[in-house]
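Have a look at the structure below, then the notes.
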Amino acid sequence: MSTVFTKIIRGDLPGEIVWRDELCAAFLSINPLSAGHSLVVPEAEVDHWLDLDEGTNKHLCVVSRKIGSAIQNVFKPARVALMIAGFEVPHVHLHVVGVNSIDDMNWANAAASVPARELAENAERLRSAIKGA
């Protein structure tokens, strides 16, 4: 059975995609810790990041850096954090999050919902920053 992330990547579920290539996609979190919070997800349904092949693992990190640079340029946080937790969905995903303090990484502070229009605007801003890089 496909994961929710595979369904987003395939277009079976809505998602604000900011990056797509042959190995992965990145899309905005629907429960973000901050504006632009993105998930970088491999096409392959692998549950634990330690089980990724080395090439895919490296590629996800390269893409995460590009997304992180776009978040830095667009939203101007003090830092951009990268986290792999893996408990929410059994499909590897790297969280790329703009933060101003360590407290910003507290999942209790994640948005319960974000208006679709705001997500779409944030995604467009990130896509533009990525293209301009």
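The values are calculated or read from the model by the stated rules, or taken from the named source; none is laboratory data. Here the structure is a predicted model, which means the values were calculated and not measured. We place every Cβ from the backbone using ideal geometry, glycine too, and count neighbours over all the protein chains shown.
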Report summary line: Log entry, pairs with first residue in segment 85-101 being more than 20 Å from LEU23 (Cα to Cα), second being β-branched (Val, Ile, Thr), beta carbons closer than 8 Å, six or more apart or on different chains, reads VAL97/ILE71; VAL97/VAL80; GLY98/ILE71; GLY98/VAL80; VAL99/VAL80
Requested in this report: Only residues that are among the polar types (S, T, N, Q) and either assigned to a loop (DSSP other than H, G, I, E, B) or within 15 Å of SER29 (Cβ to Cβ) (or both): list them for segment 92-133, please.
Outcome: ASN100, SER101, ASN106, ASN109, SER113, ASN122
Query raised in the report: Quick check: is even one residue across segment 44-54 of a type in the set (Asp, Glu), over 29 Å from GLY132 (Cβ atoms), in contact with a helix residue (DSSP H, G or I) (Cβ under 7 Å, 6 or more places away or on another chain) and surrounded by 14 or more Cβ atoms within 10 Å (Cβ to Cβ)?
Result: yes
Query raised in the report: Is there any pair linking a residue in segment 50-72 that is farther than 15 Å from PHE27 by Cβ to one that is surrounded by fewer than 16 Cβ atoms within 10 Å (Cβ to Cβ) and at pLDDT below 95, with Cβ under 9 Å and at least six apart or on different chains, and which?
Result: SER69/ALA133
Query - Restricting segment 98-112 to residues that are surrounded by fewer than 10 Cβ atoms within 10 Å (Cβ to Cβ) and over 18 Å from GLY86 (Cα atoms), the residue that is nearest to the chain's Cα centre (by Cα) - result: ALA112
Query - Filter result for GLU45 (outside any strand (DSSP E or B) and within 14 Å of HIS59 (Cα to Cα)) - result: no
Query raised in the report: In segment 71-87, is there at least one residue being surrounded by 15 or more Cβ atoms within 10 Å (Cβ to Cβ), in a helix (DSSP H, G or I) and under 12 Å from the mean Cα position of the chain (by Cα)?
Result: yes
Query raised in the report: So how many residues does segment 7-25 have that are of a type in the set (A, V, I, L, M) and within 15 Å of LYS58 (Cα to Cα)?
Result: 2
